[in-house]
Amino acid sequence: QVQLVESGGGLVQAGGSLRLSCAASGRMFSIYAMGWFRQAPGKEREFVATITRTSGTTSYADSVKGRFTISRDNAKSTLYLQMNSLKPEDTAVYYCAAGWAITRGGNADYWGQGTQVTVSS
């Protein structure tokens, strides 16, 4: 089965930036759609962004559109999330996901362990 490992989380001031990475192994990375989801304490898991296997199509939650950019490097089997203009409400555990047909509802086939992002005001 596919293994996903996130990294790059941490503490940042509001208005700052972070770049998350997700390294994949176990299968051919390029055959999967990929996505980022997040979950804050006391809240449901929330869709952040997805990208197709070819990087030709991306989708973003309205709350992050214009601030976050999802990308992938199939040669390196790595997914990225560039987060700019961070807000305190972006604070959450961010999860990398992979699937043959990943959905905004979170019905992915594989999940990483998560990385904490904390944005202070």
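The values are calculated or read from the model by the stated rules, or taken from the named source; none is laboratory data. The structure presented is a predicted model; accordingly, all values stated were derived computationally and were not measured. Neighbour counts are summed over all protein chains in view; Cβ atoms, including those assigned to glycine, are modelled from backbone coordinates with ideal geometry. When the accessible area is computed, the model is the full protein with side chains, heavy atoms only, and any ligands, DNA or RNA have been set aside. Shrake-Rupley method; radii C 1.70, N 1.55, O 1.52, S 1.80 Å.
Identify the single condition in (1) surrounded by fewer than 17 Cβ atoms within 10 Å (Cβ to Cβ); (2) among the aliphatic types (A, V, I, L, M); (3) under 23 Å from Leu86 (Cα atoms); (4) touching a Lys or Arg at 6+ places or on another chain (Cβ under 7 Å) that Ile31 does not satisfy, given that it satisfies every other one.
Only one criterion is unmet by Ile31, namely (3).
If I ask for residues that are buried (at least 16 other Cβ atoms within 10 Å of the Cβ), under 13 Å from Glu89 (Cβ atoms) and aliphatic (A, V, I, L, M), which ones from the range 35-63 would you list?
Answer for the range 35-63, where residues must be buried (at least 16 other Cβ atoms within 10 Å of the Cβ), under 13 Å from Glu89 (Cβ atoms) and aliphatic (A, V, I, L, M): Val48, Ala61.
Report whether or not Ala108 is assigned to a loop (DSSP other than H, G, I, E, B) and crowded, with 17+ Cβ neighbours inside 10 Å.
Details: assigned to a loop (DSSP other than H, G, I, E, B): yes; crowded, with 17+ Cβ neighbours inside 10 Å: yes.
So Ala108 fits the description; yes.
Is the range 96-109 home to any residue that is under 25 Å from Gly15 (Cα atoms) and either of a type in the set (Lys, Arg) or modelled with pLDDT of 95 or more (or both)?
Within the range 96-109, one or more residues are under 25 Å from Gly15 (Cα atoms) and either of a type in the set (Lys, Arg) or modelled with pLDDT of 95 or more (or both).
Kindly provide the set of residues from the range 111-121 that are open to solvent by 50 Å² or more (accessible area, probe 1.4 Å), over 14 Å from Met83 (Cβ atoms) and of a type outside the set (Ser, Thr, Tyr), ordered by number.
Result: Trp111, Gln113.
Read through the list (1) at pLDDT below 95; (2) crowded, with 16+ Cβ neighbours inside 10 Å; (3) under 17 Å from Gln113 (Cβ atoms), then give the number of the only condition that Gly26 fails.
The one condition Gly26 does not meet is (2).
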